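Heads up: the structure comes next, in structure tokens.
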Amino acid sequence: MSEDCCTPRRPRSVPPRRPEASACCAPRGVGDSETVCRTESIERPTTSALNLANYWDHFVARCGINRDRRRITPGLYSLDHPTPDSHVFVTANYTLSFDALRSALPSVSAHLLVLDTKGINVWCAAGKGTFGTDELVNRIEASGLRNVVRHRRLILPQLGAAGVSAHEVRKRSGFEVEYGPVRARDLPEYLKTRKATPEMRRVRFNLADRLILIPVELLGVLSPVLVIGAVLYALGHPMVSLAAIVAIIAGVVFFPILLPWLPTPNFATKGFILDALVAIPFAWAQLVSKGEIGPLVRVGWAGVCFLAMSSVTAFVCLNFTGSTPFTSRTGVRREIFTYVPVMAWMLGGAVVLAIALSFLAHRGL
Amino acid sequence: MLNAYKSNTLSYDPELCSNCGMCSIVCPHSVFAPDDDVAKLVRAEACMECGACQLNCPAGAITVESGVGCAAAMIGAALTGNKEATCGGSESVCCPGGADDCK
């Protein structure tokens, strides 16, 4: 859309006007080849009511299917016939973000400025820089927001602050950035006083927040789990196949649920603890298994269960760090350097032990 | 190592603080709190290095090496030879949530 406006429509014979005189395409900064369109502003209408298609879209997104298709067109949207004095809310062009915003504003007239975050939610996009100062400043110009509103104030989601510098935006666009609450659903309350309570400013990660992640995580590991399970089963190890599946599922399903109750702040050690619980039945099954096996060999196989399952579960648990809203890069890096070698040694040890035990079994011990 | 998350790269120089209050507003973990003269660093260990405070501090009083605290992204970056671990994007090997559930 913005390109349409920038394409030269004048016949070639007409000498081009100086760029700064152009009503449409004004060059941005020095050394910046892109141009910004000061176009007649198109504001698409939207509503605060979500329909069935929206809910279906959210459900599909939460299952991790076609995540790249959850984009809406960036630009300006009008909610409930806004006036030039209505609030401007800024959001990402991810359907879940956009829908969270508009559905939080029933009976509020507002302009919604949707940034092009490549279909990624506000916080992730801010971390990546796509929900950022540059995109915001450019989108203000490209959308013609200046001509739509009389005031110069934008309300951004607080989590957008990881990508947006409020004072930079003011300097470059003249618009004041106001950070609203973390969650869109707190907006009605926030708008009463224009002040967020400490509670509105904090990210949470309660049981509901964690449960909603499970389908995505589960479907993400589904195919590798099925392949690993099938291969191990085909190799004639139904018990090992089951153990592998349980170890991964434990990390993906039980771990998010039990997260705050597993002691230790480190994710890898939380994973080891969780697995110690999950591996018990498997180790027990080895200890009491039927057949002419010596007690030492039984203990050996029980050890294989613990070592192999722990390393797998702990690794899966460590990978959950990115899904939480509180782990720092420094901390995760420390965990990787400390525990990934331990996991590798445990898995390697389990394989060596299993081979040795099979060898002993062949010798009739 | 009992707690990998106890320390981080956040550093704050109260001498430079202009007490605009932005850090307390943008921090999702209440690491900073407003006070009479300058902002107070009250929960440094809760910092997740998102970088919002540094980006929104007009006085330049805060520095933090921001990045994604995501093991999957970091391991993925290490395996693919990328220098910087990021989340999001269709090409990403990152979070199973496709950068939707990760921060």
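Numbers for the structure displayed
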read-out	value
Contacts under 7 angstrom Cβ, first residue in region B:1-21 being within 11 Å of chain A (Cβ to nearest Cβ), partner in a loop (DSSP other than H, G, I, E, B) and among the hydroxyl-bearing types (Ser, Thr, Tyr), 6 or more apart	B:Tyr5/A:Thr327; B:Tyr5/A:Ser328; B:Asn8/A:Ser328
Subset of region A:69-80 [under 18 Å from A:Pro188 (Cβ atoms) and surrounded by fewer than 22 Cβ atoms within 10 Å (Cβ to Cβ)]	A:Asp80
Unmet requirement for B:Gly69, which otherwise passes all of (1) farther than 17 Å from B:Asn8 by Cα; (2) buried (at least 24 other Cβ atoms within 10 Å of the Cβ)	(1)
Among (1) surrounded by fewer than 21 Cβ atoms within 10 Å (Cβ to Cβ); (2) in contact (Cβ under 8 Å) with a residue 40 or more places away in the chain, the one test that A:Asn66 misses	(2)
So A:Ala125, is it in contact with a strand residue (DSSP E or B) (Cβ under 7 Å, 6 or more places away or on another chain) and either in a helix (DSSP H, G or I) or open to solvent by 20 Å² or more (accessible area, probe 1.4 Å) (or both)	yes
Count - residues of region A:138-161 that are in contact with a helix residue (DSSP H, G or I) (Cβ under 6 Å, 6 or more places away or on another chain) and either open to solvent by 10 Å² or more (accessible area, probe 1.4 Å) or over 30 Å from A:Asn206 (Cβ atoms) (or both)	4
Some residue of region A:136-159 being under 19 Å from B:Gly51 (Cα atoms), charged (D, E, K, R) and more than 9 Å from chain B (Cβ to nearest Cβ)	no
Matching residues in region A:47-63 - criterion: being exposed (fewer than 14 other Cβ atoms within 10 Å of the Cβ) and among the aliphatic types (A, V, I, L, M)	A:Ala49, A:Leu52, A:Ala53
Qualifying residue in region A:259-266 (condition: on the phi < 0 side of the Ramachandran plot, hydroxyl-bearing (Ser, Thr, Tyr), open to solvent by 40 Å² or more (accessible area, probe 1.4 Å) and assigned by TED's automatic domain parsing to the domain that holds A:Cys317)	no
Total residues in region B:26-58, condition at the interface with another protein chain (Cβ under 7 Å from one of its Cβ atoms), among the hydrophobic types (A, V, I, L, M, F, W, C) and in contact with an Asp or Glu (Cβ under 9 Å, 6 or more places away or on another chain)	1
Selection count, region A:98-122, where residues are within 14 Å of chain B (Cβ to nearest Cβ) and in contact (Cβ under 8 Å) with a residue 60 or more places away in the chain	1
Strands (runs of 3 or more DSSP E) wholly inside region A:54-118 containing at least 1 residues that are among the aromatic types (Phe, Trp, Tyr)	A:75-79, A:87-92
Number of positions in region B:25-52 that are touching a residue at least 40 places away in the same chain (Cβ under 8 Å) and farther than 21 Å from A:Gly163 by Cα	1
Hey, A:Val240 over 22 Å from A:Ala302 (Cβ atoms) and among the hydrophobic types (A, V, I, L, M, F, W, C) or not	no
Lone unmet requirement of (1) more than 30 Å from the chain's Cα centre (by Cα); (2) of a type in the set (A, V, I, L, M); (3) closer than 26 Å to A:Val253 by Cα for A:Val316	(1)
Residue within region B:87-94 that is modelled with pLDDT under 85 and hydroxyl-bearing (Ser, Thr, Tyr) present	yes
Leading residue by the ranking (farthest from the other protein chains (Cβ to nearest Cβ)) among those in region A:303-312 that are of a type in the set (Gly, Ala, Ser) and surrounded by 24 or more Cβ atoms within 10 Å (Cβ to Cβ)	A:Ala308
Selection status of A:Val332, surrounded by fewer than 22 Cβ atoms within 10 Å (Cβ to Cβ) and within 26 Å of the chain's Cα centre (by Cα)	no
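Residue by residue, here is whether (1) assigned to a helix (DSSP H, G or I); (2) in contact with a Phe, Trp or Tyr (Cβ under 9 Å, 6 or more places away or on another chain); (3) more than 14 Å from every other protein chain (Cβ to nearest Cβ) holds:
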position	(1), (2), (3)
A:Leu296	yes, no, yes
A:Ala314	yes, yes, no
A:Cys317	yes, yes, no
A:Thr330	yes, yes, no
A:Arg334	yes, yes, no
A:Thr338	yes, no, no
A:Val351	yes, no, yes
A:Phe359	yes, no, yes
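Conditions tested, residue by residue: (1) within 13 Å of chain B (Cβ to nearest Cβ); (2) open to solvent by less than 70 Å² (accessible area, probe 1.4 Å).
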residue: A:Gly163; (1), (2): yes, yes
residue: A:Arg172; (1), (2): no, no
residue: A:Lys195; (1), (2): yes, no
residue: A:Arg204; (1), (2): yes, no
residue: A:Asp209; (1), (2): yes, yes
residue: A:Ile228; (1), (2): no, no
residue: A:Gly236; (1), (2): no, yes
residue: A:Ser241; (1), (2): no, yes
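The values are calculated or read from the model by the stated rules, or taken from the named source; none is laboratory data. This is a predicted model, so every value here is computed, not measured. Heads up, the Cβs are rebuilt from the backbone with ideal geometry, glycines too, and the neighbour counts pull from every protein chain shown. Each accessible area value is taken on the protein alone, full model and side chains, heavy atoms only, with ligands, DNA and RNA left out. Shrake-Rupley method; radii C 1.70, N 1.55, O 1.52, S 1.80 Å.
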